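Throughout, read-outs are computed from the coordinates displayed, never taken from laboratory work. Source: prediction; values computed, not measured. All Cβ positions, even for glycine, are placed from backbone atoms using ideal geometry, and neighbour counts span all protein chains on display.
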Amino acid sequence: MENKNTIDKINEVLWHNEISEYMQDEELTKSLELVVKLIAKPDIPPSVATPLIVQLQAYSTKFGMLASWYTNVKKDERAKKNIYYSAADRIDKLVDSLKYAARGYYG
């Protein structure tokens, strides 16, 4: 395994800041922070996974509703609509994998 220096590690998560600055959505920023933490340390105990599942699923619900809002009402924000759709979809997939951790299959 290749050792990465600090700059390489920072560059790997710069996408988080760019999306956060563009979207200006506190919950989206928080969900991205959680994703970055999971990337850095994916080995989480079941007792941590369970509340994380609920929190991320709530974020996903919000993002799905906002995506629908931008699709049907505020149609001039296509880029935001697409980011919200993607966030909802990917967080749902992350939640599915966290369910295994909550059952104790990992760790």
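Taking neighbour counts of Cβ atoms within 10 Å as a proxy for exposure, in what order, fewest first, do Ser60, Ser20, Ser86 appear?
On the way: Ser60 21, Ser20 17, Ser86 13.
Going from sparsest to densest Cβ surroundings: Ser86, Ser20, Ser60.
Decide, for region 49-107, between rounded, prolate and oblate: order the square roots of the alpha carbon gyration tensor eigenvalues as a ≥ b ≥ c, take rounded if a/c falls under 1.5, and otherwise choose prolate if a/b is larger than b/c, else oblate.
Values: a/c = 4.98, a/b = 3.14, b/c = 1.59.
Here region 49-107 falls in the prolate category.
Past 24 Å, Cα to Cα: identify those pairs from Lys30/Lys99; Lys37/Lys93; Lys37/Lys74; Lys74/Lys99; Lys30/Lys62; Lys41/Lys81, in the order given.
On the way: Lys30/Lys99 20 Å; Lys37/Lys93 16 Å; Lys37/Lys74 32 Å; Lys74/Lys99 34 Å; Lys30/Lys62 13 Å; Lys41/Lys81 30 Å.
Table pairs above 24 Å Cα-Cα are Lys37/Lys74; Lys74/Lys99; Lys41/Lys81.
How long is the gain from Lys75 to Asp43 if the chain were fully straight, where each residue apart is worth 0.36 nm and the alpha carbon distance is subtracted? The partial results should precede the final answer.
Working: separation 32, 0.36 × 32 = 11.52 nm, distance 4.02 nm.
Residue separation times 0.36 nm, minus the Cα-Cα distance, leaves 7.5 nm.
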